[in-house]
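Asks: Can you read through this structure? Questions will come right after.
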Amino acid sequence: MEKTETLVEHRPPGTTLEPQRFLINEHYVNLIVVSTNQFRQRPQNELIQTGVTHEKCLKKTQTGLECISPNRLFRWNPQSHCVPHAVMVSGVSGIGKTTLMQKFVYDWVTGKHYQRFSFVFLFRFWDLNKLREVSLEEMILHQYPYLESQIGNILRDPERLLFIFDGLDESIHQIDFTSSRLFAHRTKCGDIVVSLVRQSLLKGCCVLITSRPTRLTSVDTSVFQRIAEIMGFLHGDRLRFFKNFFGNEELSEKAFHYVQENDILYTFCYIPSYCWIICTVLSMCFRSQPTITDQLKTPLSKTVTQLFVTYVSNILTNHSQNKDGGHTDWELLTSVGWMAEHGVMNHLIVFDECHLESFSVKNYKHLFSSLMMESGQPPDVDYSFLHLTLLEFFAALVHFTNYNPDRLQETLDKAESCKGGRAEIFLRFLCGLSDSSTRSMLKSHVGELSTQAARHVITWIQKKIPDQRSDKYIKDKRGLLNIFYYLYESRNKALASQCIGTKKVDFSEVSLTASDCSVLSFILQTCRETEEVNLHSCSIQSEKLRKLIPALNNFKNLRLSSNLLTDSSCPHLASGIRNNQTLRTLDLSGNNLGGPHFRDLMEALTTSRIEELQLRYNDLTDSSCPHLASGIRNNQTLRILDLSENNLGGPHFSDLMEALTTSRIEELQ
């Protein structure tokens, strides 16, 4: 119970403070867990893909999405039509898989659930990697030596046993759940796990395994009777995390509001450890303020790269008060960086003493303890970064602290070839560090970061921008959007303008997330040459539209048809129309704009220069007619109007007809 009743919050980076410990029931925030098998195909980086899926889950919660709480993992599963004995829980790095397992064991120990189990054995795959061929009894006793005198009796009643194996993605063994091979008394731990899952060993026992989705794409999971995925925090859970972290309601709400307005940062807040990093950075920005005001100690981050640069910069600032003699910040960042890059390129997230020795990393330095976490006891000590994204950041940073053109190019080529977008965030960090203002935040600590590396990365981005006339530019819209993310991180407006180049931007039928809309808005605002924007059927609802409005102020033609826009979108649309005196064609067909706010849209029409307005299939009724009449009557430029497939009949229809007789409309449907 002592091992599971407390949550450990890592010490503030760069300080000598001890980690804070909290009772798990006081600081544990519920995670949304849903039944899924969507990890079978991952066309994007797992963090990005899960962020998109999470956004869909947010919508489903409002219509009754059923979540699986820990106490229901081994209850009847209607999908497999049985009570599971083998359960797989998937989740991206930092999502809370280990913490969820800790809470699961704690609730069992305290009698809250699963009292049918007499023993629950919890193992980490990374620890099992160190064992050679062993028997089941030896594997258990290695972790629980105090059970030696009882192990025989314990194993005689397998239906009372639950085995939890955390971190399948960290296993170095080939795990083949389709194998029915029997083994001798001793074998590899991976074979023991497979046999427990398949019930060829200890028939009747239960097994719970966790893994990152990337590992599961290459594993046959059909033997599991329940597969669930941790989706992380919902909106309310994120706010509760911020309140727990800051302990000050005014400050926590202010910090949360800032993050909520930045979709790039907010999207990743479904990940608990990412929430911790963001809260840590924001607390650093607010530190040393006599009162809670808008004047911050350091600028707030706009991009993910800036967030991590601020995080590392504050570590180095605090570390400067505790200098390690003869070992500079630059040297340690470089050695840790090359080790991190090796990890990114070789699927490694946990390192040991051999890795540290190979990359000349000095682990006895104070700064090192601020960058990496230790686990285990000598001589079996492991090292890992707080989050996979930190690993990717240091892997990118090293190319700017120790630039080698051949090595950087080799890394870019290898990262591009990674399947499933596995290196996508790493590439975004490289692009983000090409921005001189972002790099300058580290200058006082490690000197000038390489401008040559920045030019190298910018040249790489330029080469990735497809010719606007090519089929790739026209067809690979998602690929083009990825390039937009690189440009967003780089803050390079001149390069972004070059990327757009064409007078037409077309993302029709690409489902855009809130983050996509923020990135697209940044790109569109950099280019004044664009005349036409086609966002037909992009799933742009009201909040996403709000992100785009600042960029929609200088186009001639705008298509927003079939976008789930409702009456609540009309104020945003009205704002965009008022600020764009060049807009000539606006297509809003196939939405659902009927309602009280439709009036705002029509008022904006009176001051616009729109010549063509498409409003077919918009659920407009008789109550919309007075607003339509007012907009038409007071507009001097409208020539084409499509109101077909609405339901305008009623007592106010005459108002519309009167306005049409005095208008300049030439074509009406």
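The values are calculated or read from the model by the stated rules, or taken from the named source; none is laboratory data. What you see is a predicted model, and the numbers here were worked out from it, not measured in a lab. Here the Cβ positions follow ideal geometry from the backbone for every residue, glycine too, while neighbour counts run over all protein chains shown.
Asks: Scan region 217-231 and tell me whether some residue there is of a type in the set (Gly, Ala, Ser) and under 21 Å from residue 422 (Cα atoms).
Replies: Looking through region 217-231, at least one residue is of a type in the set (Gly, Ala, Ser) and under 21 Å from residue 422 (Cα atoms).
Asks: Ok, one more. Taking region 222-260 as the search range and keeping residues that are touching a Ser or Thr at 6+ places or on another chain (Cβ under 6 Å), surrounded by fewer than 22 Cβ atoms within 10 Å (Cβ to Cβ) and under 30 Å from residue 303 (Cβ atoms), which one is modelled with the highest pLDDT?
Replies: Here the residue is 243.
Asks: Residues of region 636-657 being assigned to a loop (DSSP other than H, G, I, E, B) and closer than 15 Å to residue 588 by Cβ, which ones?
Replies: 638, 643, 644, 645, 646 - these are the residues of region 636-657 that are assigned to a loop (DSSP other than H, G, I, E, B) and closer than 15 Å to residue 588 by Cβ.
Asks: Among the listed residues 140, 48, 68, 151, identify the single one that is modelled with pLDDT of 80 or more, outside the structural domain of residue 270 (by TED's automatic domain parsing) and either under 29 Å from the mean Cα position of the chain (by Cα) or surrounded by 19 or more Cβ atoms within 10 Å (Cβ to Cβ) (or both). Please lay out each step first, then the result.
Replies: On the way: 48 fails: modelled with pLDDT of 80 or more; 68 fails: modelled with pLDDT of 80 or more; 151 fails: either under 29 Å from the mean Cα position of the chain (by Cα) or surrounded by 19 or more Cβ atoms within 10 Å (Cβ to Cβ) (or both).
Exactly one of 140, 48, 68, 151 is modelled with pLDDT of 80 or more, outside the structural domain of residue 270 (by TED's automatic domain parsing) and either under 29 Å from the mean Cα position of the chain (by Cα) or surrounded by 19 or more Cβ atoms within 10 Å (Cβ to Cβ) (or both), namely 140.
Asks: Now for a separate question. Which one of the conditions (1) within 22 Å of residue 545 (Cα to Cα); (2) out of contact with any strand residue (DSSP E or B) (no Cβ under 8 Å at 6 or more places or on another chain) does residue 654 fail to meet, given that it meets all the rest?
Replies: (1)
Asks: I would also like to ask the following. May I ask you to verify whether residue 113 is surrounded by 13 or more Cβ atoms within 10 Å (Cβ to Cβ), in the same structural domain as residue 222 (by TED's automatic domain parsing) and over 30 Å from residue 381 (Cα atoms)? Please lay out each step first, then the result.
Replies: Details: surrounded by 13 or more Cβ atoms within 10 Å (Cβ to Cβ): yes; in the same structural domain as residue 222 (by TED's automatic domain parsing): yes; over 30 Å from residue 381 (Cα atoms): yes.
Against the criterion (surrounded by 13 or more Cβ atoms within 10 Å (Cβ to Cβ), in the same structural domain as residue 222 (by TED's automatic domain parsing) and over 30 Å from residue 381 (Cα atoms)), residue 113 qualifies.
Asks: Just checking, how many residues over region 177-221 are of a type in the set (Val, Ile, Thr), more than 32 Å from the chain's Cα centre (by Cα) and buried (at least 22 other Cβ atoms within 10 Å of the Cβ)?
Replies: Qualifying residue count for the region: 1.
Asks: Which count do you get for residues in region 116-128 that are in contact (Cβ under 8 Å) with a residue 60 or more places away in the chain and either out of contact with any strand residue (DSSP E or B) (no Cβ under 7 Å at 6 or more places or on another chain) or outside the structural domain of residue 206 (by TED's automatic domain parsing) (or both)?
Replies: Selection size over region 116-128: 2.
Asks: Go through region 63-175 and tell me which helices (runs of 4 or more DSSP H), entirely inside it, have 2 or more residues that are among the aliphatic types (A, V, I, L, M).
Replies: Numbers: elements: 97-109, 125-128, 136-143, 151-155.
Of the helices (runs of 4 or more DSSP H) lying wholly inside region 63-175, those with at least 2 residues that are among the aliphatic types (A, V, I, L, M) span 97-109, 136-143, 151-155.
Asks: Further question: Condition first: of a type in the set (A, V, I, L, M, F, W, C) and surrounded by fewer than 18 Cβ atoms within 10 Å (Cβ to Cβ). Now tell me which residues in region 121-137 satisfy that. Quick ask: steps written out before the conclusion?
Replies: Going residue by residue through region 121-137, those that are of a type in the set (A, V, I, L, M, F, W, C) are 121-123, 125-126, 128, 131, 134, 136.
The one that is of a type in the set (A, V, I, L, M, F, W, C) and surrounded by fewer than 18 Cβ atoms within 10 Å (Cβ to Cβ): 131.
Asks: So, residue 344, is that one more than 19 Å from residue 446 (Cβ to Cβ), assigned to a helix (DSSP H, G or I), modelled with pLDDT of 90 or more and in contact with a helix residue (DSSP H, G or I) (Cβ under 7 Å, 6 or more places away or on another chain) or not? Step through it out loud before you land on a result.
Replies: Details: more than 19 Å from residue 446 (Cβ to Cβ): yes; assigned to a helix (DSSP H, G or I): yes; modelled with pLDDT of 90 or more: yes; in contact with a helix residue (DSSP H, G or I) (Cβ under 7 Å, 6 or more places away or on another chain): yes.
Considered against the rule, which asks whether it is more than 19 Å from residue 446 (Cβ to Cβ), assigned to a helix (DSSP H, G or I), modelled with pLDDT of 90 or more and in contact with a helix residue (DSSP H, G or I) (Cβ under 7 Å, 6 or more places away or on another chain), residue 344 comes out as yes.
Asks: Right, here's the next one. Go through (1) out of contact with any Asp or Glu (no Cβ under 6 Å at 6 or more places or on another chain); (2) at pLDDT 85 or above; (3) not hydroxyl-bearing (Ser, Thr, Tyr) for residue 491 and report which single condition fails.
Replies: Failing condition for residue 491: (1).
Asks: On to the next question. Filter region 191-220 for residues that are of a type in the set (Val, Ile, Thr) and assigned to a helix (DSSP H, G or I) and give the result.
Replies: Step one: of region 191-220, the residues of a type in the set (Val, Ile, Thr) are 192-194, 197, 207, 209-210, 214, 217, 219.
Hits for region 191-220 are 192, 193, 194, 197, 214.
Asks: Could you tell me whether any residue of region 221-237 is of a type outside the set (S, T, N, Q) and in contact with an Asp or Glu (Cβ under 9 Å, 6 or more places away or on another chain)? Break it down stepwise before answering.
Replies: Filtering region 221-237 for residues of a type outside the set (S, T, N, Q) gives 223-224, 226-237.
Now narrow it down to the ones that are in contact with an Asp or Glu (Cβ under 9 Å, 6 or more places away or on another chain): none.
No, because not a single residue in region 221-237 is of a type outside the set (S, T, N, Q) and in contact with an Asp or Glu (Cβ under 9 Å, 6 or more places away or on another chain).
Asks: For region 353-453, please list each of the helices (runs of 4 or more DSSP H) lying entirely inside it that holds at least 1 residues being on the phi < 0 side of the Ramachandran plot and surrounded by fewer than 20 Cβ atoms within 10 Å (Cβ to Cβ).
Replies: Fully inside region 353-453 and qualifying: 353-358, 366-371, 405-417, 436-439, 443-446.
Asks: A further question follows. Within the set of pairs 6+ apart or on separate chains, which have a first residue in region 628-650 that is over 20 Å from residue 581 (Cβ atoms), a second that is aromatic (Phe, Trp, Tyr) and surrounded by fewer than 20 Cβ atoms within 10 Å (Cβ to Cβ), and C-beta atoms under 6 Å apart?
Replies: Qualifying pairs under 6 Å: 645/617.
Asks: Now for a separate question. Quick check on region 313-331. Is at least one of its residues outside the structural domain of residue 214 (by TED's automatic domain parsing), farther than 30 Å from residue 255 by Cα and at pLDDT 80 or above?
Replies: For region 313-331, residues outside the structural domain of residue 214 (by TED's automatic domain parsing), farther than 30 Å from residue 255 by Cα and at pLDDT 80 or above: present.
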